[in-house]
Every structure is written in C-alpha cells, then in structure tokens.
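Scroll down for the structure; my scribbles are underneath it.
The values are calculated or read from the model by the stated rules, or taken from the named source; none is laboratory data. What you are looking at is a predicted structure, and each value in this text was computed from that prediction instead of being measured. Accessible surface is based on the protein model in full, side chains and every heavy atom, while ligands, DNA and RNA are left aside. Shrake-Rupley method; radii C 1.70, N 1.55, O 1.52, S 1.80 Å.
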Amino acid sequence: MSSSPHLHIVPEPEPALGFNPFPGLRPFEPDEDYLFFGREKQTDELLRKLRTTRFLSILGSSGSGKSSLVRSGLIPTLYGGGMTRAGSRWRVAIMRPGEDPLGNLAAALSSPGALGDANGDEGLTRAFFETTLRSSQLGLVECIRQSRIPPRDNVLVLVDQFEELFRYKRSRRVVGRDEAVAFVKLLLNARASDIAVYIAVTMRSDFIGDCMEFGQLPEVINDGIYLVPRMTRDELKSAITGPVAVGGALIAPRLVSRLLNDVGDDPDQLPILQHALMRTWDNWERDQSPGEGLDLRHYEAIGTMHTALSRHAEESYSELDARGQEIAEKLFKALTDKGSDMRGVRRPAPLSEICALAEASVDEVIAVVERFRKPGRSFLMPPVGIPLRETSILDISHESLMRVWDRLSGWAIDEARSGQLYLNVARAAQRHEEGIAALWRDPELQLALTWRGTERPTEQWASRYDPFFARAMKFLDDSRTERDQEVRDKESRRRRELRLARALVVIFSTASLLMLALGAYAWTQKNEAVVAQRVAEREAGRARQALALVEEKKKLVDAAKLVAEQQSVLAVRQKVLAEEQRRNAEHQTRVATEQTAIALTERQRAESEQQNAEAKEREAQEQKAVAEVARGQAVDEKAKAM
C-alpha cells in the first residue's frame, strides 16, 4: 500500500497472487492505484492545478497515459484527502462525450458513486438529470443542488477523451453543434459557480486548436492546462518493476533494460508497453521454470513491443468463424473514426447499435466481444468481468490499437472512405432536393453505385453520418435511371447514325466504284486519244509531205506550162515567121526552088514542134488535174484528222 494517498511503496516480492498486474491497452482504473507506479510527481502537480483553477485540462499525445494518470493517480489521491482544504469526501462522475454528450453526462451523474441514489431507480434519475441539464446553462449546477448531497461533499466531473466532442460536433451538423456548445457551457458555468464542483478533462494535445470553436473554452483551458510530460527512465522502470513486485514475481534486469530501450522517448509506446508486459506475464505463467522470473525469452516469445499487439489481435480474430469475423469487422469499424478526423479517435457505441449494424443478435455480438476482452486480452471495453447488456457501451481500449493492428488500420480507412462517400451522396441529394444541384453522372455515380453494391449500407449505419438515408438512396436511383435513359437514347441515336452511316458507305462505295470505272474509261479514252493523236500527227506529217510533194509537182507543172507557153509563143512567133516566110516564099515563089524546099522542110519541122508543144500542154494539163486530185485528198485527210 502507500504511506500517503499517492506515494507507492514497492513491497518485497511474495509468491505470485494468480493475477496479471498489467491492464494491457486499457487505462488503469481508480481501484487499481496499487498497481499504478511512476507518476507520483505528476499527481501532485495535478492536485495543485485542480485546487487553484477548478478546471483541470490534462493534455498529452495519444498513449501518454492521460486517462490512467487522472483515474489511478488523481482520483485515488482525492479520495485519500490529498486536497487538504476540500477534504476526502468526493463524488466522482466519469464520462466520455461519445455520441450523446448530455445523455452521457446525465448517466455519469446518476451513477451511485456520483449523485445517484444507490437504492433508487437509476433510469428515472438519469432522465431527471438529463432534463435538468438540457433546461438551462446552469443545468449541471442545478443537478448538484437538487441532488441534496451533504454540504461537505465535493463533486468531480471527469470528461475523459474530450476530443470526442469535436467529432460529435462535426458529424451531427446542426444538432451536434448546438449540443456540443451547450455541453461546454454547462462545464464552464459549473466551474464559475459557488458550489464545490471541479471539472477535469483529458484531451489529446493535437486537438487543442479545436477548442477555439467554443467561446471562452480556450482561456479556461489555458488557466488549468497540464501537459503530461514524458516519463523519465527511472519512472518507466518503476512502472515496469512495481506491478511485477505487487504480483509477487521477479523480473530480470536485462529484460527491464530491453523494455526501457524499446520504449525510447516515444510516449505513444506506453499502452503498447503495458500490453507487452501483460502478454509477457501470461507467457511467463504458462512457461516458467522453478524460481525463474520474467526474462527475455518470455518477452521475445510474444513478439516484443514491435509485433506483440498486432499478433495478439490477429490471434483473437483468427479464433472466430466466418460469421464471427464478419461481425468483428462491423464492430471495430463502428468503434473507430477516421472519417471526421484522419488523426483517428475512438467512437464508443452501445451494444444494441452494433447488433443493428452487424445485423446480428445480442448473443452473437457478445460472443465476439468476449473473444477480444477475455482474460489476457484488453482490446475492448468494458473490461472482462462486467456483464454485457444491450445498453452496454462498447469501445476499443486505446487508439494505439488503430495504428498498430494492421487489419484494424485498414478497416478504419475503409470505413472513413465509405462514410465520406455516403456523406457526399447525402449532401448532393439535399442540394438536388433544394433545386441547386443536378443528379449525379459518371464517374461519380458509378463509384457510388459500386460502393453501394459492395458495402450494402443500411439505414442504421447511415444514421451515424446523415439521417436522410432514404433520400440519399433515392437520389442514387434517380441518377442511375436518368443515366440509363441517356444511355438508351444515345444507343438509339447511335444505331440510327450507324444505319445512316452504312447507307452512306454503300452510296459512297457505289459512287467510288463508278468514279473508278469512269476514271478507267477516261484513262482508256485518254490513251486512245493519245494514240489517235499520234496517228493523226503521223498522217498530218505524211499529208504535209504529200502536199509538199504536190507543191513541188505543181511548181514543176507551172515550170512546164511556162516552158509550154514560151514554146507556144515561140511557135506563134515561128508561125508568124513561117507565115511571113510563106508570104515571102509566095512572093519569092519564083525565088529559087531550093528556098521553097527549105521552106517546106521548115514548115514540117514547125508543125512537128507544134504537135510536140500541144502534147506537152496536154501532159501539163493532166499533171495539173492529178495535182488537184492529190490536193483534194490531202484536204480530206486533214479534215478527218481534225
């Protein structure tokens, strides 16, 4: 035990107590403070902050131990009177915002350890508290006043995983925004009241910027902020060896050194360290030699910190049959959220909701949950031993499971994509209904239809993102109907165009063949014309040659005619001369007889020459007639050639 409310003294090792002192992934609970080591200094600092500000903001990275620090460090210390002026009488309401911040706050207040009556009707008390919370901004103050707790009692409202409020605000749109703002105002007004109420919130440090969306919340967060520091090597050593000693076992120094080295400076490794220690302890219990403590071989057998968590989760999953694995997938997808924030947050859900999402019975879902939370496994909450009912809130034990278990990481990404696609459809359906957007077309439409056919979304699943499931599905159906009609119209037009194109092809083909035939005929005619032209040219050449020959002949005839004419003239002259000679002869008849004979001889000669001339003239006329005939034939041939 401890000498003060928060100082742990490690007892001497005793025989093993038969239980595993390491909680695994889940946080330490207030009644496990005797197992919580290494955070004594931080617990004192939390007390000082809470006492002075009354609104304690515990911030740290995922896996830094925020929840365990406040549950097993701060709360037990308050019960032990660590806050002297306030005393040791505390009523603690522990809650998470989840999917119903005001309802979950009312449930936390109605628990017996807070404002509820252990002998009363818890359902009626919760309904009363929820009505009061929703009725006024001072609803939390009124709940405390009307519960009539003793004056010396103090109230602590612990809002664990405060970042869930930001996801709820974004996912539920108008309703989520209003309820998230109302929830924050209830906390701030209670802190400012004169009653003994204290507020503590745990939040991942990477969400601190989201506080700017809530009025005075950033200022109040700054006043009471406590950034969880990294554990020193000595503190980590205490967190390892302390629970081992409480469990009555020993641990080899070399294993302690190995664990410290594997953790390093990464605070995200703390829940993985706790899980590895839980698995190492279980392996040691099954396979220990007499007097042997936890050693390296037990640690390495479970896969060390690098693979122990993923292997263990996969081992749990492989134990399920096909139906159980299908339910497990739906279960873990429902409990993780990377859609509203890719950093990834847990999303607790009632068992009844998981049944509806997985379309499974309560017994089927419980059987799957028990596989993941049985002794030695702390993947799901509530922890083993707490009976499960339809109203039980299920949750994964830590975000690190989303990052380390490869299968769950893939599921979370698939769920985020599926949720985002459905939100896109739902918002497009709303805009279409308002008349400001058209129906979807491909490729968006086909992607959505493929998603719907593959994932088979249900109205229950869709309500987690947008409640108007029927409208969204009708939008997809109408979009598909319009697309299919357009496809049919296009196909009809295509067929008409195809028939027209075929007719045009026939026409153009016939025309082309005709053109080819005409071209061939024209080419043939052209060749024949060329041949005829060449023949005509040769005939024309021959005609020209014949004409030239005729011309030559004509010239010869003309020359002969000229000669004949000259001879005729000569003959006439000779006749005249003859006549003169004859007259002379007649006058000179009585000239000598010898002259008469000469004259007669000359006359005969002249007559002979005249006959020759006439013969030549007839020959010239015949040659001229032949030339005329030749010329006429040449003209006819030329006309034919043309």
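Quick look at the numbers
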{"quantity": "DSSP beta bridge pairing in the chain, given as percent antiparallel to the nearest 5", "calculated": "25 percent"}
{"quantity": "Principal axis dimensions, largest first and in whole angstrom, of segment 135-216 by Cα", "calculated": "39, 27, 18"}
{"quantity": "Sequence of 542, 148, 631, 389 from largest to smallest accessible area, 1.4 Å probe", "calculated": "148, 389, 542, 631"}
{"quantity": "Segment 324-478, Rg to Rh (Cα coordinates; Rh as Kirkwood inverse mean 1/r)", "calculated": "1.03"}
{"quantity": "Segment 551-629 versus segment 192-263: alpha-carbon centroid distance in Å", "calculated": "164 Å"}
{"quantity": "Ranking by accessible area, most exposed first, for 164, 537 with a 1.4 Å probe", "calculated": "537, 164"}
{"quantity": "Accessible-area value, residue 624, 1.4 Å probe, nucleic acids and ligands omitted, Å²", "calculated": "110 Å²"}
{"quantity": "Shape metrics for segment 266-388, restricted to C-alpha atoms - Rg then Dmax, Å", "calculated": "16.4, 53"}
{"quantity": "In degrees, nearest ten, helix 253-263 long axis to first principal axis of the chain (Cα)", "calculated": "50 degrees"}
{"quantity": "Solvent-accessible area per residue, Å², over the chain with all protein chains present [probe radius 1.4 Å]", "calculated": "53 Å²"}
{"quantity": "For residue 100, solvent-accessible area (1.4 Å; no DNA, RNA or ligand), Å²", "calculated": "50 Å²"}
{"quantity": "Carbon + sulfur, % of accessible area of the chain - ligands and nucleic acids excluded, 1.4 Å", "calculated": "54 percent"}
{"quantity": "Candidate residues 207, 19: accessible-area rank, largest first, probe 1.4 Å", "calculated": "19, 207"}
{"quantity": "On Cα atoms only, tilt of 444-455 relative to the major axis of the chain in degrees", "calculated": "50 degrees"}
{"quantity": "Mean separation of Cα contacts under 8 Å (6+ apart) over length of segment 17-135, as relative contact order %", "calculated": "18 percent"}
{"quantity": "Degrees between helix 322-335 axis and first principal axis of the chain (Cα, 0 to 90, nearest 10)", "calculated": "80 degrees"}
{"quantity": "Read-out Cα Rg over 2.2 N^0.38 Å, derived from the coordinates shown; its label in (i) 1.02; (ii) 0.95; (iii) 2.40", "calculated": "(iii)"}
{"quantity": "Solvent-accessible area of residue 502 with every protein chain in place, 1.4 Å probe, in Å² to the nearest 10", "calculated": "150 Å²"}
